[in-house]
Structures are given as C-alpha cells and as structure tokens.
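Below is one structure, written out as structure tokens; comments come after it.
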Amino acid sequence: MKERRMRPEQPLSLLHSFTFPPQRGARRAALVLALGVSLFALTGCFRSEADLQRENVRLREQLADCNDRLAAQESMLTDLRSQLETARALTDADRAALIAPKKLLLGRLTGGEDYDGRPGDDGVTAHFQLLDEVGDPIKVAGDVTIELFDLSSGGAPRRIGNCRYPAAEVRKKWVSTLLTYMFAIECPFEQPPQGSEITVRVTFLDYLTRNSLTAQTTVRLNEAG
C-alpha cells in the first residue's frame with residue numbers, strides 16, 4: 001500500500017476549510033476585547049496610584065520643610081523678644097545714663113491741614129519735639145497717638161480724630177532742616193468738627209524706657225467756603 005503524501009499547500013487549505021461556528025467566534029472575540037480593555041484600565045490605575053504616591057511624598061517633604069522654617073522663625077522671634085525684654089529691664093542707674101526724652105513740646109506749626117486740595121481743613125498735622133533733660137531736641141524711637149477733640153458743643157468733648165503710629169512709622173516723620181528738628185505727623189478727621197477750634201492731644205510712648213509723654217494745645221481751623 002502506497003503512502004499518500006500531502007502536498008505543501010494542503011494544510012493551508014485544511015485550515016481555511018475549518019471554521020468556528022459564528023456564535024462561538026463572536027463570543028470569543030468579545031471576550032478577548034473585554035480582557036484587553038480591562039488590562040489597559042488596570043495598568044492605568046497602577047500608574048495613577050504610583051503618581052499619587054510620589055505626589056504624596058513630595059507634599060510631605062514640602063510640609064516638613066515649611067515646619068522646619070516656621071520653627072526656626074519662631075525660635076528667632078523668641079530670642080529677639082528675650083533680648084528686647086532684657087534691654088527694657090533697665091535699672092535706675094541705666095535710665096539715668098540714657099539720653100531719653102523728658103518733655104514733649106508741640107510746635108507753633110501745629111494746626112489744621114488741607115489734605116484733599118478742596119476748601120476747608122481735613123485734619124490736623126502735629127509738629128512736635130522731644131526734649132532731653134537739658135532741653136535739647138532729640139530723635140528717639142516710640143509710638144505716637146494723636147487725638148482730636150471738638151469742644152464747641154459745650155458738653156462733653158467729642159473726639160473727632162484718633163490716629164496711632166507705631167515706632168517704625170514715626171521715624172519716617174522726622175523733619176530735619178537748617179533750623180528745624182521735629183516730628184510732623186498727620187491726623188485726618190474721622191468726622192467733621194462743628195466749630196472752628198479743636199483741641200489736639202499728642203502722646204509719645206518711648207520704645208525703650210516705656211515712659212509716656214503727653215502735650216495738648218488748641219488750634220483754629222480753616223472752614224470750607
């Protein structure tokens with residue numbers, strides 16, 4: 001019996017001749033497609049989780065750095081406060097050796113001021129000097145409060161202005177010319193005065209000694225119209 005040899009092209013013909021049932025082939029194709037989509041989505045989830053972890057680590061490092069900086073600033077602030085308290089804890093001998101203001105003198109230039117360019121004064125500019133124990137004007141650091149009172153009603157004084165300047169701002173108000181050494185500080189009205197005369201009260205709080213100096217005067221205003 002002769003052995004039958006298969007020609008090379010026959011296996012391909014046999015493969016083409018074998019087909020899956022239509023329903024089973026469609027289901028298998030759908031299953032493969034669904035599996036591919038699931039694997040792609042799962043891979044994306046893994047990538048997103050890794051990105052979130054890296055972002056979380058980065059944010060934690062930034063937070064730790066901010067906390068370290070804040071702790072360093074708080075430590076420095078505490079040290080500065082301690083130094084300030086030490087400087088303010090002066091003995092009587094220390095106070096006697098300091099050149100500190102002993103008197104606040106309001107200058108004759110203190111009076112109503114037009115700040116907006118329209119007729120009538122809008123407030124008062126206080127010109128004052130701080131004098132040492134021998135009467136010489138000196139420039140020292142301190143807080144300034146200016147109060148304006150209207151006494152025209154005849155009753156209790158009505159405060160129409162209250163301006164507070166910290167030491168850092170007061171130092172910018174120093175006026176130094178050939179013959180003048182003084183502070184010039186503005187205080188606008190909070191409400192308009194009823195009369196043409198008001199009382200100006202200036203209080204200076206020495207930054208180092210914490211001594212308070214006060215002076216007041218009456219000034220006449222330029223009325224609108």
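A full extension of the chain between E190 and D94 corresponds to an added length of 30.5 nm, given 0.36 nm per residue minus the alpha carbon distance. Using only alpha carbons, the stretch 100-220 has a radius of gyration to Kirkwood radius ratio (Rg to Rh) of 0.98. For T86 and T214, a Förster radius of 45 Å and the Cβ-Cβ distance give a FRET efficiency of 0.95, rounded to the nearest 0.05. Counting only aspartates and glutamates at least 8 places from K103 when in the same chain, those with an alpha carbon closer than 13 Å to its own are D132, E133, D136, D206. Shown in residue order for the stretch 60-73 are the 3J(HN,Hα) couplings computed by the Karplus curve 6.51 cos²θ - 1.76 cosθ + 1.60 at θ = phi - 60°: 4, 5, 5, 5, 5, 5, 5, 5, 5, 5, 5, 4, 5, 5 Hz (x for Gly and Pro). Other residues whose C-beta falls under 13 angstrom from the C-beta of E169 contribute a net charge of +2, scoring Lys and Arg +1 and Asp and Glu -1. Cβ-to-Cβ counts within 10 Å put T125, T110, T78 in ascending order as T78, T125, T110, the fewest first.
One chain, two ends: L52 and R108. Fully extended at 0.36 nm per residue, the span grows by 13.1 nm beyond their Cα-Cα distance.
Laboratory data are not the source of any read-out in this text; all were calculated from the coordinates shown. Computed from a predicted structure; not experimentally measured. Reconstructed Cβ throughout: ideal geometry from the backbone, glycine too, with neighbour counts over all protein chains shown.
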